[in-house]
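The values are calculated or read from the model by the stated rules, or taken from the named source; none is laboratory data. All values derive from a computational prediction rather than experimental measurement. Using ideal geometry, Cβ is built from the backbone for each residue, glycine included, and neighbour counts are taken over all protein chains shown. Accessible surface areas use protein heavy atoms only, side chains included; no ligands, DNA or RNA. Shrake-Rupley method; radii C 1.70, N 1.55, O 1.52, S 1.80 Å.
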Amino acid sequence: MNEDIIKLDTVEVYNKLFGLETLHPLVNVIDLSEATRFPKHLTINYGVYAVYLKETKCGDIRYGRQTYDYQEGTIVCFAPGQITETVLNDDIKPMAKGILFHPDLIKGTSLGQEIKSYTFFSYNSKEALHLSDEEKKNILDCLDKVKMELLHPIDKLSKRLISRNIQLLLDYCMRFYNRQFITRTEENKDILSKFETLLDDYFLNGKIQTEGLPSVKYFAERVFLSPNYFGDLIKKTTGKTPHDYIQNKIIDTSKELLLGTQKTVSQIADELGFQYPQHFNRVFKKNMGISPNEYRKIQTAR
């Protein structure tokens with residue numbers, strides 16, 4: 001990455017980078033066709049939320065170790081704390097629209113309460129959203145409505161209307177991502193199959209003893225997806241979260257050990273990667289409604 005990292009902690013910093021007008025200190029609808037400056041290579045540490053709709057291929061963007069070819073009609077989103085490196089092509093003027101907004105803008109609003117539910121902010125850039133022409137119109141309409149509010153004199157309703165239109169835009173993104181999950185059914189099934197194989201391997205090859213309880217991040221990395229995208233994909237494909245799969249595997253394995261061995265509950269807890277037997281007891285009871293010892297007694301008495 002470029003050594004000079006730009007800390008994008010205000011909307012104005014972005015506006016100055018591209019020579020754009022600042023209409024509001026906490027939010028701006030951007031249109032790079034209006035930009036007067038075009039940095040060719042920049043690394044940004046985001047302190048604001050950003051949603052970009054690229055209208056032409058204009059370069060590459062790197063988030064973490066992944067590079068995404070920024071094609072026409074894609075949306076990528078970034079949240080505070082994320083760092084990206086962007087390289088713009090020399091021969092093409094960037095054509096992109098989008099919105100940047102500071103976390104302070106949405107404090108005390110419904111969007112502020114729900115912002116964490118928009119998990120696509122933590123997707124990798126290679127997991128960008130690809131839009132149809134009709135979907136692009138919906139996104140651009142939301143941007144236009146926010147822009148109209150920015151041009152309107154500020155009054156008591158300004159913050160509410162701006163945040164609600166941003167939330168509408170994010171809701172559309174959520175809907176379009178759901179559509180994208182559905183249209184990639186075969187690819188998703190392949191990822192699900194890999195996940196199930198990796199999960200079985202984790203238990204069969206003793207990784208649970210050496211590495212502890214498996215995490216969603218562990219499996220996401222091995223199918224080359226971000227944890228949030230991986231979790232959403234599994235949930236949309238099966239109706240269950242990866243955490244559900246992991247919990248079910250733990251419970252199924254613990255049942256086999258409770259009924260097929262003479263091991264104590266503490267020994268089983270240790271074998272399943274639990275640091276404390278009490279934790280295993282809580283997980284088992286939450287899933288089965290009874291403790292491991294009670295389960296063993298009931299089943300062996302039959």
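Over the range 157-302, give the accessible area per residue in Å² for a 1.4 Å probe, as an integer.
Details: 8140 Å² over 146 residues.
Dividing the accessible area of the range 157-302 by its residue count gives 56 Å².
Match the structure shown to one of the listed values [x] 0.93; [y] 1.09; [z] 1.01 of Rg/Rh (Cα atoms, Kirkwood Rh), computed from it, and give that label.
[y]
Points 7 angstrom from Cα along the Cβ direction at LYS107 and ARG222: gap in nanometres?
4.3
Stretch LEU17-THR253 to full length: gain in nm at 0.36 nm per residue minus the Cα-Cα span? All intermediate terms of the calculation are to be shown ahead of the outcome.
Details: separation 236, 0.36 × 236 = 84.96 nm, distance 5.55 nm.
Stretched fully, the LEU17-THR253 segment lengthens by 79.4 nm.
Using a cut-off of 20 Å between alpha-carbon atoms, which aspartates and glutamates can reach LYS217, once sequence neighbours fewer than 8 places away in the same chain are excluded?
Here the aspartates and glutamates satisfying the reach criterion relative to LYS217 are GLU127, GLU187, ASP190, GLU196, ASP200, ASP201, ASP232, ASP244.
Apply the Karplus curve 6.51 cos²θ - 1.76 cosθ + 1.60, θ = phi - 60°, to the phi angles in the range 218-229 and return the couplings in whole Hz, x for Gly and Pro.
Each residue of the range 218-229 in turn: 4, 6, 4, 4, 7, 10, 6, 10, 6, x, 5, 5 Hz.
Quickly work out the MET95-to-ILE182 label distance, labels modelled 7 Å from Cα along the C-beta direction, and quote it in nm with one decimal.
It works out to 3.0 nm between the two label points.
Counting other C-beta atoms within 10 Å, and keeping those with at most 14, which DSSP coil trypsin sites (Lys or Arg not before Pro) do you find in the range 184-245? Before the final figure, lay out each step's value.
Values: sites: ARG184, LYS189, LYS194, LYS207, LYS217, ARG222, LYS235, LYS236, LYS240; in loops: ARG184, LYS240.
Of the trypsin sites (Lys or Arg not before Pro), the ones in loops of the range 184-245 whose Cβ has at most 14 other Cβ atoms within 10 Å are LYS240.
Provide the net charge surrounding LYS263, with neighbours chosen by a C-beta distance below 12 Å and charges set as Lys +1, Arg +1, Asp -1, Glu -1. Working shown, then result.
Numbers: positive: ARG296; negative: GLU256, ASP270, GLU271.
Net of charged neighbours comes to -2.
Give me the 1.4 Å probe accessible area per residue for the range 1-47, excluding ligands and nucleic acids, in Å².
Numbers: 2410 Å² over 47 residues.
In whole numbers, the range 1-47 has 51 Å² accessible per residue.
Between HIS41 and LYS116, what is the spin-label point distance in nm, taking each point 7 Å from the Cα along the Cα→C-beta axis?
3.9
Counting only Cα atoms, I'd like the Rg/Rh figure for the range 80-204, Kirkwood definition for Rh.
Working: Rg = 18.6 Å, Rh = 17.6 Å.
Taking Rg over the Kirkwood Rh, I get 1.06.
Pulled fully out, how much extra length does the chain show between SER291 and LYS263, if you take 0.36 nm times their separation in residues and subtract their Cα-Cα distance?
Details: separation 28, 0.36 × 28 = 10.08 nm, distance 1.52 nm.
Fully extending the segment from SER291 to LYS263 adds 8.6 nm.
At a Förster distance of 45 Å, what's the computed FRET efficiency of ASP200 paired with ILE6, Cβ-Cβ distance as r, to 0.05?
Working: r = 45 Å, r/R0 = 1.00.
Computed FRET efficiency for ASP200 and ILE6: 0.50.
For the chain, with all protein chains present and a 1.4 Å probe, just round the carbon and sulfur fraction of the accessible area to a whole percent. Please report the intermediate quantities before stating the final value.
Numbers: 7750 of 15660 Å².
Ligands and nucleic acids excluded, carbon and sulfur reach 50 percent.
Note the angle between two axes, namely the Cα long axis of helix 185-204 and the longest principal axis of the Cα atoms of the chain, as a number of degrees from 0 to 90, rounded to the nearest 10.
40
For a quick check, take a GNM of the chain with Cα springs below 10 Å and name the residue from LEU131, LEU157, LEU88 with the largest mean-square fluctuation.
Of the options given, LEU157 has the highest mean-square fluctuation.
With each run of n ≥ 4 DSSP H residues scored as -39500 (n - 2.57), what mean residue ellipticity at 222 nm is computed for the chain after dividing by its residue count and rounding to the nearest 500 deg cm²/dmol? Could you put the intermediate results ahead of the total?
On the way: 12 runs with 150 residues, N = 302.
Calculated at 222 nm, the ellipticity per residue is -15500 deg cm²/dmol.
How would the range 160-214 be classified by its alpha-carbon gyration tensor: rounded, prolate or oblate, with rounded meaning a/c under 1.5 and the a/b versus b/c comparison settling the rest?
Working: a/c = 9.66, a/b = 2.14, b/c = 4.51.
The shape class here is oblate.
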